[in-house]
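Below is one structure, written out as structure tokens; comments come after it.
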Amino acid sequence: MKTKANIVDETKKEGSEEKDVKGIPHFWLTVLKSVSLIAEMIQPYDEPILELLQNVRVVHHEEPKGFTLEFHFSQNEYFSNTVLTKWYGMFSDIDPKDKWGFEGLYIDACKGCTINWKKGKDVTVKVIKKKQKHKNRGTTRTVTKTVQADSFFNFFSPPQGGKDELDEEAQNLLQADYEIGHFIRERIVPRAALIYTGDYSVDDDDDEDLDEEEEGEELNDSDESDDFDEEDERPARGGNAKQDGAEKPSECKQQ
């Protein structure tokens, strides 16, 4: 009876240990570093924090229209938040008179969240020391200054203000932020498992799209050359051959 009781106790112990294990270790860090667009944002000092990232979710909103990216972290020594969020607002410029002109929704606003960093753990800032020399006395002193550091976690502090209120650099950062948010929602979160196993590469997918565009342009060029050949073979009728101006495909405005 004691032996049976010991076996039951050991089984319960093993079961409780298994329940403490949540997901695949470093799953999301591996996924994010596998995508060059996101990997460029991740610094070496970001990685220990991203190892604690347990899940990334997309929550869609109807009113106002948009979505929120939720980054769920386990309890850690870096910040007290368990969820970091990034909200994106979307709109469409539909012309009531043109019901067929709807081209989709556009990201037009975003808002991050406040990260409650624990003392000495904020990786988004760094302290620099600079020596200053007194002009008259000739003495020097060391001045410390806190400046922004490159970090993945700057993603949660986008430039604030309307487009008309921001300078060109801030506008470019905001535009890049929209693209990253759309990229995470559409390409990374739905295919995270495939990216982790290596069965899907976002970067290769982008290269294939680029190749298809280049092949399409080459095909258009060959079509134009055929038209010119046919024009040259015809008897001259006192006029110059008219060149066909192929229109460029309209860019996708959705970001």
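A few remarks follow.
- Residues in the range 135-160 that are surrounded by 12 or more Cβ atoms within 10 Å (Cβ to Cβ) and either at pLDDT below 85 or of a type in the set (A, V, I, L, M, F, W, C) (or both): 7 in all.
- Applying a threshold of 7 Å to beta carbon distances and a minimum spacing of six or more residues, or different chains, the list of pairs starting in the range 110-125 at a residue that is farther than 17 Å from P44 by Cα and ending at one that is open to solvent by 50 Å² or more (accessible area, probe 1.4 Å) reads C110/W87; K111/W87; G112/S157; N116/S80; K118/E77; K118/S80.
- Residue in the range 98-111 that is at pLDDT 90 or above and either of a type in the set (A, V, I, L, M, F, W, C) or more than 28 Å from R57 (Cα to Cα) (or both) present: no
- For L84, the conditions (1) open to solvent by 30 Å² or more (accessible area, probe 1.4 Å); (2) part of a strand (DSSP E or B); (3) modelled with pLDDT of 90 or more all hold with the exception of (1).
- Checklist (1) over 21 Å from V31 (Cβ atoms); (2) open to solvent by 50 Å² or more (accessible area, probe 1.4 Å); (3) at pLDDT 90 or above; (4) of a type outside the set (F, W, Y) applied to Q54, failing item: (1)
The values are calculated or read from the model by the stated rules, or taken from the named source; none is laboratory data. All values reported here derive from a predicted model rather than from experimental measurement. No Cβ is skipped: glycine too gets one built from the backbone with ideal geometry, and neighbour counts run over all protein chains shown. All accessible areas refer to the heavy atoms of the entire protein, side chains included, with ligands and DNA or RNA removed. Shrake-Rupley method; radii C 1.70, N 1.55, O 1.52, S 1.80 Å.
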